[in-house]
Amino acid sequence: MFWRLSAFYLFYFAAVGVYVIFFPKALQMAGYSSLQIGILLSASPLMRFFAPFLFLRHLKLDDRTFLGALGLMSLAVLLFYPALSTFRTLLGVNLLFGAAMSVTLPFVETRALESLDRKTYGRARLFGSVGFIAIALWLGKVLQSPYDAVVYLAATILTTALLGAAIVFADRTHAHADTPGDGSDFDLLRHWPLWSAFFLMQVSFGGFYNFFTIYETAHGISLETTSWLWSFGVVCEIVMFYFQGPLLQRNLHTILKVTIFVTSVRWALLWLFPDSLPVTFAAQSLHALSFALYHTTAITLLHTLYRRKALAQQFFLGISYGLGGFVGAVVAGKLYGPHLFLFESGIALAGFWVLFLEKSEKIRR
């Protein structure tokens, strides 16, 4: 199961790399305006936010639903090619794609946490980072037309779908499913400080994901060097995924607080020393904590707090990377300027402080 999960993460996050890094450029090459690109790219995170609410009462996230989502994801990615020239059609395809993606990763994350121990999970998950950085380095050299990005997106998504199916059929005796109820068995408000911290943490990443390259090149750091800064952050992330196992045996609430506080420090360093290459590399090294350790700690903590574990993973992606990513992009666009990362540091710090309102429960090992 380890290698099936590792291969899934490798191609899934390679697909994410194509979509996040190169699809905006592909849309620009296809003649779309900045406003149209923003609307198109907001469709997927918004679907990630809304989709989990359907699973509170009406749907259950089981093997059949997962396989259906893989099929929908495959269909959507094949439709990108003919839809690329028509805005409304492409928006519809993005909505389908986002809906399918909102189901696939939470299902696999839940299966991974149930099949692997915490140490082994991190080592499987690091393959996602390898896939992300590999596609970033390769496609950055060969991308010539918007259809190149579509072809690579289709190839990685279709491979991901096959590997997802292999995970299901490798263990047909695994009967786990999140059974829908009346919604009362899944209480977001009980842990509202935790969910608020997840949201604020991702909002603070808006400036980094959307403006880091623009910000650094505006302060005299070359585009080539900035690409190495991105790559260095992912390398640090991979190292953390490999060695984080012992850390996850400690108090997860405390680790979460540390990772969010470190993220606030990271953004403050970018604000204070925007033209210092050594400090910027040091700030990027903190990606090991503010992404890798934070992500694993968050999903592991939710796995211990909620009976409906796959639904918890869906809401984590929906509230943080979905709604938080959407709001973060909008906020960063409004605040962009010399003090952008000061504001982002303050947002992350707010997430750190709100966690002190969360009551720590005994963690089930």
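Where a number appears in this text, it was derived from the coordinates with a stated rule and is not lab data. What you are looking at is a predicted structure, and each value in this text was computed from that prediction instead of being measured. Cβ sites come from the backbone with ideal geometry, for glycine too, and all protein chains shown count toward neighbours.
If you find the alpha carbon centre of the stretch 282-361 and of the stretch 96-155, how far apart are they in angstrom? The stretch 282-361 and the stretch 96-155 have Cα centres separated by 19 Å.
Gyration tensor over the Cα atoms of the stretch 270-365: the corresponding equivalent ellipsoid has semi-axes (square roots of 5 times the eigenvalues, largest first) of 29, 16, 13 Å. Over the Cα atoms of the stretch 193-294, each weighted equally, I'd like the Debye log10 I(q)/I(0) at q = 0.14, 0.18, 0.24 Å⁻¹, rounded to two decimals. The Cα Debye sum returns log10 ratios of -0.55, -0.86, -1.33. Spatial offset of the stretch 230-281 relative to the stretch 186-219 amounts to 14 Å, using the alpha carbon center of each. When the alpha carbon gyration tensor of the stretch 19-128 is reduced to an equivalent ellipsoid, its three semi-axes come out at 29, 17, 12 angstrom, largest first.
When +1 charges are put on Lys and Arg Cβ atoms and -1 charges on Asp and Glu Cβ atoms, the dipole computed for the stretch 205-328 relative to its Cα centre reaches about 740 debye. Highest mean packing first, where packing is the average number of other Cβ atoms within 10 Å per residue, the peptides 116-125, 339-348 line up as 339-348, 116-125. Estimated from the Cβ-Cβ distance and a Förster radius of 56 angstrom, the FRET efficiency linking Val151 and Asp187 is about 0.80.
Return, ordered by residue number, the residues of the stretch 83-97 whose backbone nitrogen is under 12 Å from a label point located 7 Å along Cα→Cβ of Leu59. Counting backbone N atoms under 12 Å from the label point, the list is 96-97. One equal scatterer on each Cα of the stretch 48-112, no solvent, Debye formula: the resulting log10 I(q)/I(0) at q = 0.21, 0.22, 0.27 Å⁻¹ is -0.84, -0.89, -1.13. Thinking of the chain as a set of Cα atoms, what percent of all their pairs are more than 32 Å apart? Across the chain, Cα pairs with separations above 32 Å total 28 percent. Counted residue by residue at 0.36 nm each, then reduced by the alpha carbon distance between them, the extension gain from Leu137 to Gln28 reaches 37.2 nm.
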